[in-house]
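The values are calculated or read from the model by the stated rules, or taken from the named source; none is laboratory data. Owing to the predicted nature of the structure, the values given are computational and were not obtained by experimental measurement. Note: ideal-geometry Cβ built from the backbone for every residue, glycine included; neighbour counts use all protein chains shown. For accessibility, only protein heavy atoms count, side chains too; no ligands or nucleic acids. Shrake-Rupley method; radii C 1.70, N 1.55, O 1.52, S 1.80 Å.
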Amino acid sequence: MEIQMYNMGLGECILLTEGNKKLAVNCGTRNKRIDGMDSGEIYEEIREKTKKEGYDFLLTQIDPEHIGGFLQMIRRQDQSGIRTVYLPDLFSRRWMNEVLALLLLQDLSRGCFLPGKAVALTGLMEALLRFSGTLCFVERGDVIGEVYQVLWPEKEGLKEEMEETLALAGISDAFYEQDRCMWGELVRVSAVMRSIFLRLPAISRSKDVPRNEEGIPTELEEEVRNFRLEFRKLRRNPRFLGMAERCQEKREVFRMFHDRTGLMFHTRKDGDENFLYTGNAWKEKAAWLQKNEDGLAGLHENYWCITLPGHGTDAWYWDFSPYRPKHFLVSNGYVAGQDNGKISGRYSGMFAVPDVMMHCTSSSWCEGRKNGICSCWNAQVTSPRHYSMIQET
């Protein structure tokens, strides 16, 4: 296995190569500069590589720091050689209307005073409407490119998380009647969005798809037009904006739910170079995944390479030593300049897992870095280079 981990500022892009199977995991956010470099150079490098070699893309979470760069690439006319796009299945069940509504509300409540604020979920939908490759939704147990297996999300578990979030956020029994009404409107609009997403995989498998001047499949024109109109009206509704503003008090509840919709996966077949992508839900789901009570996707005993959850920060710390790893990947520990956004010192120095090489996109925001010196026993820092290469020599 060969791994390229790109320095994307905040977020990540990891290119995985296993034989002739090539998978790009996320593509960071679109920052103007990354550690003093023009980020355009990095995106152009990734675009040229994926176009030349042909890559599938796996988007583990629907937020700017995971899909921002991907949206930049897919909007180009040549679509940069992207063959298949995989998304966590947040669309196939009717109750997922409320899942999408929660994700939309999280985005809107963070900036409800900005009617023009970009929304990751709608931005992704608009881009995929013009996508000429194949789109697939995946859930626990599904296989990606014959090489990787999805560990999470699991639909029944996700439904429980959704119901718990609705209760914790006070949406189920909102104090204000207008909030209950506006939540119903948001779910109704989300249902239209879900319907559009649901039809895209079948359309993407058709060879000749009639499209309008925007590049949108003609069979979806009316549905897309209706969604845009209804969503625009909702975002301008003072009563809805009031609900979104009140939801800011519960922003941590929404953030935690968003993390639980993220995809986790690992190498399908047990071997010497097992790869584990954890995601932010790992800390809560690790024990459940280890039990594998549904028999769909059991964890391997050993993992050669593991991505650390939550950008390696202390809030998401996990002791991975029982898996006897050789490499840890940390996709930039810098989170909005907050002290709790530093890479945890429990991964470095005297606390480090023996014989593990730490691969950080940038170590300038790390508890284990003192006076410009890295305290890890073995470390490879990407910055100021564009990417780090991880492979057995």
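Laid out as a table, the results:
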{"read-out": "Rounded, prolate or oblate (a/c below 1.5 giving rounded, otherwise prolate when a/b exceeds b/c) for the range 190-243 by Cα gyration tensor", "value": "prolate"}
{"read-out": "Carbon plus sulfur fraction of accessible area for the range 220-301, probe 1.4 Å, in percent", "value": "44 percent"}
{"read-out": "Estimated distance in nm for a label pair at Arg93 and Arg199, the labels positioned 7 Å out from Cα along Cα-to-Cβ", "value": "2.4 nm"}
{"read-out": "FRET efficiency estimate (nearest 0.05) - Cβ-Cβ, Asp270 to Arg33, R0 56 angstrom", "value": "0.85"}
{"read-out": "Longest segment of the chain lacking trypsin sites (Lys or Arg not before Pro) that sit in a DSSP loop with at most 16 other Cβ atoms within 10 Å", "value": "270-384"}
{"read-out": "Size of charge dipole - the chain - debye, nearest 20, with Cβ of Lys, Arg +1 and Asp, Glu -1, no other charges", "value": "900 debye"}
{"read-out": "Residue-count net charge about Arg385 - beta-carbon cut-off 13 Å; Lys, Arg +1, Asp, Glu -1", "value": "-3"}
{"read-out": "Amide H partners (placed H, <5 Å) of Cys366, local residues excluded", "value": "Ile343"}
{"read-out": "HN-Hα J in Hz across the range 154-159 - Karplus 6.51, -1.76, 1.60, θ = phi - 60°, x for Gly and Pro", "value": "10, 4, 5, x, 5, 5"}
{"read-out": "Reachable lysines from Lys283, criterion Cα separation under 17 angstrom, eight or more residues apart if same chain", "value": "Lys291"}
{"read-out": "Extent along principal axes [Cα atoms of the chain; Å; largest to smallest]", "value": "56, 50, 47"}
{"read-out": "Set of aspartates and glutamates near Lys51 by C-alpha distance (under 13 Å), chain-local residues within fewer than 8 positions excluded", "value": "Asp78"}
{"read-out": "Cα-based reach from Lys370 at 13 Å (exclusive), listing aspartates and glutamates while leaving out same-chain residues under 8 positions away", "value": "none"}
{"read-out": "Carbon/sulfur fraction of accessible area - the range 1-49, other protein chains in place, 1.4 Å, %", "value": "43 percent"}
{"read-out": "For the range 363-376, 3J(HN,Hα) per residue [Karplus equation, 6.51 cos²θ - 1.76 cosθ + 1.60, θ = phi - 60°, Hz, x = Gly/Pro]", "value": "9, 6, 10, 8, 5, x, 9, 10, 6, x, 10, 7, 8, 5"}
{"read-out": "DSSP-defined antiparallel bridges as percent of all bridges, the chain, nearest 5", "value": "55 percent"}
{"read-out": "Choice from Glu45, Glu213, Glu126 showing the highest fluctuation, given a GNM over the chain with Cα pairs closer than 10 Å", "value": "Glu213"}
{"read-out": "Interchain or long-range residues, amide H under 5 Å from Ile34's placed H", "value": "Ser39"}
{"read-out": "Calculated [θ] (222 nm, deg cm²/dmol) that DSSP helices of n ≥ 4 give over the chain, each run adding -39,500 (n - 2.57)", "value": "-11500 deg cm²/dmol"}
{"read-out": "Distant-in-sequence amide H partners of Arg211 (H built 1.01 Å from N, under 5 Å)", "value": "Thr218"}
{"read-out": "Spin-label proximity, Thr134 to the range 172-203 - amide N less than 12 Å from point 7 Å beyond Cα toward beta carbon", "value": "202"}
{"read-out": "Karplus (6.51, -1.76, 1.60) ³J(HN,Hα), θ = phi - 60°, over the range 51-60, in Hz, Gly and Pro reported as x", "value": "5, 5, 9, x, 10, 8, 10, 10, 9, 7"}
{"read-out": "Where the chain is the region considered: accessible area per residue in Å², 1.4 Å probe", "value": "44 Å²"}
{"read-out": "Point-charge dipole on Cβ atoms (K/R +1, D/E -1) for the range 170-255, about Cα centre, debye to 20", "value": "160 debye"}
{"read-out": "Unit Cα scatterers, Debye sum, the range 277-393: log10 I(q)/I(0) for q = 0.15, 0.17 Å⁻¹", "value": "-0.66, -0.83"}
